[in-house]
Amino acid sequence: MDISLKKVELISWISKISDIELLDKIERLRGESIQELYGSRMPSSKEQLQSKIEKSEKDLEEGRVYGQDEVEQIFANKSQD
């Protein structure tokens, strides 16, 4: 199944829900997944932060970077999926 179709089906299903408790659960799930994603990307110690800085500097030195136009194109392509 195509991801766009799956999204449309979910939106349609959610729009028909009349159970406020179920909607609250869906909203909590959404919030938790956002927090989880954010938490997994943030260093939890000075050592982890220093390691991320060093990796970023090495990526920069070795040319593993993207320009603004490239990043916008990557996201434009992803949004079409």
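The values are calculated or read from the model by the stated rules, or taken from the named source; none is laboratory data. Every value quoted in this text rests on a predicted model; they were computed, and no experiment measured them. When we count neighbours, we look across all protein chains shown, and the Cβ atoms used for this are built from the backbone with ideal geometry, even at glycine. Quick note on the areas: whole protein, heavy atoms, side chains included, nothing else; ligands and nucleic acids left out. Shrake-Rupley method; radii C 1.70, N 1.55, O 1.52, S 1.80 Å.
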Exercise for the section: Return the residue satisfying two criteria in turn: it lies in segment 1-36 and is assigned to a helix (DSSP H, G or I) and among the β-branched types (Val, Ile, Thr), and of such residues it is nearest to the chain's Cα centre (by Cα). Expected result: Ile34
Problem - Positions within segment 37-67 being more than 15 Å from the chain's Cα centre (by Cα) and under 30 Å from Lys6 (Cβ atoms), in sequence order - result: Tyr66
Problem - Members of segment 29-52 that are open to solvent by 100 Å² or more (accessible area, probe 1.4 Å) and under 30 Å from Ile14 (Cα atoms) - result: Leu29, Arg30, Glu32, Gln35, Glu36, Tyr38, Arg41
